[in-house]
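Structure record follows, encoded as structure tokens.
The values are calculated or read from the model by the stated rules, or taken from the named source; none is laboratory data. Since the model is a prediction, treat every value here as computed from it, not as a measurement. Cβ sites come from the backbone with ideal geometry, for glycine too, and all protein chains shown count toward neighbours. We work out accessible area using only protein heavy atoms, side chains counted, and drop any ligands, DNA or RNA first. Shrake-Rupley method; radii C 1.70, N 1.55, O 1.52, S 1.80 Å.
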Amino acid sequence: MKVLVVGSGGREHAICWKFAKSSKIEKVYCAPGNGGISQVAENVDITVDDFNRLADFVKVNNINFTFVGPEIPLSLGIVDYFKERGLRIVGPSKGAARLESSKIYSKKFMRKYGIPTAEYNSFSNVNDALKFLESWEANKKVAVKADGLAAGKGVYMCSGREGAVNAVKQMMDEKVLGAAGTNVIVEEYIDGPELSYLVFTDGETYCAMPASQDHKRINDNDKGLNTGGMGAYAPAPLATEELNKEVDTIIRKVIDGIKAEKLDYKGVLYIGVIMNGSTPYVLEFNCRFGDPETQAILPLLDMDFVDICTAVLDKNLANLKINWKKDFSVCVVLASGGYPESFKKGFEIKGLENIKDAIVFHAGTKIENEKFVTSGGRVLGVVSTASDIKNAIDKVYSNVSMINFEGVRYRKDIAWRALNGKQD
Ligand code: GLY
């Protein structure tokens, strides 16, 4: 078989890496890919939103199926486009991808299907939003969220009325997030630990992956600016058997809702859960693999990834048993100096040849003069697995310490919650 992976980050490197291990796969292509991905796949110079050229490439090269990494092509309807051309593709349709691409749609969906989530009001008019906030307490925390996709920048956590008013004005008046902020949600603020529950689904049934935790802030102890994710680990001890059972009931409702709405969903669904005290609430849906969670999760998958994709595409997940290693996995992201604000690129990455017991997924690299150089904010994801979390952490950091490039920064406390038993 031949497979095309769409995307260019650490998540897509992990997906390509897993496909490349399959005895059923003869060739992995990745569009557009990155420097590191070229070690396991052939990079194809087509952007993720150029559906026509992507589909032509698949036809000409007799590619058996396509796997979509990021949300943008899904939200733009790549799955619908490929299906119209008779091509097999893993991912939700444009309509189903609204679970991620419209926060208002997803909140309405949650309300309709009795899925626990924070209270909210949505607004399409700035004056209505500001009027609503007039009665908000000055010091009561609140979340203001852009309805559309905003590359992780669409949520403003505000300490009270004034911050929320500013957030609404920035999004709706000043259009700092472009079209994504045309409509907004003002949402009850929940302060609790978060968990990422990812499932494979064929739209009828689903199979859960080990629950993971992302680390969104740039600095240790969850301080500083929000990023695309500075590390992840799985399985997260916070996800006890009891909690998983509760979340399982929620996921069942989501899948039942997807069926009832006749949404065409064959792919990965990411349920972002936040603990409201001891009760799991759904914070958000993503309609694809999470990043960096996927970099931690896929090394734990103890079977051929192609079998899962085939079962998803053939609506046959109910008859597939998915096997996971019993290990723990920790992923530490190495980022460029200055990230998530402005940063320089083009620095040589040194020490990769010294890596012994870790996998290095590339997120923002390219090859220049036969050397890897930095080309993005998040540069690498280094992943180690071990039978206990402490060993996985020790292993990953001993490998991380061997890699260097000018300005490199990374968190030193990935998986700390798992290690010290703290949950927030
Ligand atoms: N790790 C969060 C995301 O993938 O959106």
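The figures follow:
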quantity	calculated
Mean Cβ neighbour count within 10 Å, used as a protection proxy, ranking 108-121, 324-337 highest first	324-337, 108-121
Over the stretch 171-313, equivalent-ellipsoid semi-axes from the Cα gyration tensor in Å	25, 20, 17
Whole-Å distance, taken between Cα centres, linking the stretch 129-201 and the stretch 333-375	33 Å
Calculated [θ] (222 nm, deg cm²/dmol) that DSSP helices of n ≥ 4 give over the chain, each run adding -39,500 (n - 2.57)	-8000 deg cm²/dmol
For residue 200, solvent-accessible area (1.4 Å; no DNA, RNA or ligand), Å²	10 Å²
Ranked order, 47, 374 - accessible area, probe 1.4 Å, largest first	47, 374
Förster-model FRET efficiency, 22 Å R0, residue 127 and residue 159, C-beta, rounded to 0.05	0.40
The stretch 293-316 and the stretch 382-396: distance between their alpha carbon centers, rounded to Å	22 Å
Pair-distance profile P(r), taking every C-alpha pair of the chain, with 20 angstrom steps and integer %	26, 60, 13, 0
Percent accessible area from carbon and sulfur atoms, the chain, protein chains only, probe 1.4 Å	46 percent
Spin-label pair residue 278/residue 371, simplified geometry with 7 Å Cα→Cβ offset, distance in nm	5.7 nm
Order of exposure, largest accessible area first, which applies to 242, 194 with probe 1.4 Å	242, 194
Cβ-based charge dipole, the stretch 230-387, positive-most Cα from 336, 322, 298	336
Sites residue 314 and residue 221 - FRET efficiency at Förster radius 56 Å, r taken between beta-carbons, to 0.05	0.75
DSSP bridge orientation in the chain - percent antiparallel, rounded to nearest 5	80 percent
Per residue convex hull volume, Cα atoms of the stretch 11-116, in Å³	126 Å³
Most mobile of 384, 342, 75 in a GNM of the chain (Cα contacts under 10 Å)	342
Sequence ranges 254-263, 85-94, ranked by mean other-Cβ count within 10 angstrom, highest first	85-94, 254-263
